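In what follows, a single structure is set out as structure tokens and then discussed.
Quick note: the coordinates plus some simple rules give every number you see, no bench work behind them. What you see is a predicted model, and the numbers here were worked out from it, not measured in a lab.
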Amino acid sequence: MTAYRTIVVGTDGSDSSYVAVEKAAALAGVSVATLVVACAYYPIDDRDLAAATDVLKEEAYQVRGSAPTSEILRVARDRALAAGAVDIVERAMVGEPVESLLALVKEVDADLLVVGNRGLNTLAGRLLGSVPSDVARKSRSDVLIVHTVR
């Protein structure tokens, strides 16, 4: 088996996604691979943000637009460095997470895509699809689904 050269990991700022970042960073460190930390978001106006925050409560970080993206990527970079990654690239992407991650994997010619398992075993995930199941089904690169939520 050959070592990975470029690893993409997705984060949405949740604690569970940072676990996936740390696992990907450890792999990147031992493989001497480039780690591309990615965060996808949708631009949102203030009125829609207020309505979404009321409904989503603690999950509202997922819809806050680009403002927290730089902070999410900074925290992910810090965690990746602590976990052993050396060559880290941060990427903020406008759009839906699955398609954004798959496009990024193709763009950077990544050999591995890492995501957390959040949403994989939920009713909504089973009915609507989840990031881990959708990327595993659609990706042309290897996919590592990290058990971040049990």
For this session: Name the residues whose placed amide hydrogens come within less than 5 Å of the amide hydrogen of Val36, ignoring near sequence neighbours (fewer than 5 apart) on the same chain.
Result: Ile7, Val8, Val9, Val89
Problem set entry | For the stretch 104-110, 3J(HN,Hα) per residue [Karplus equation, 6.51 cos²θ - 1.76 cosθ + 1.60, θ = phi - 60°, Hz, x = Gly/Pro] | 5, 4, 5, 4, 9, 6, 6
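Using 0.36 nm per residue of separation minus the Cα-Cα distance, give me the extension gain between Ala3 and Ala92 in nm, one decimal.
Taking 0.36 nm per residue and subtracting the Cα distance, the gain is 29.4 nm.
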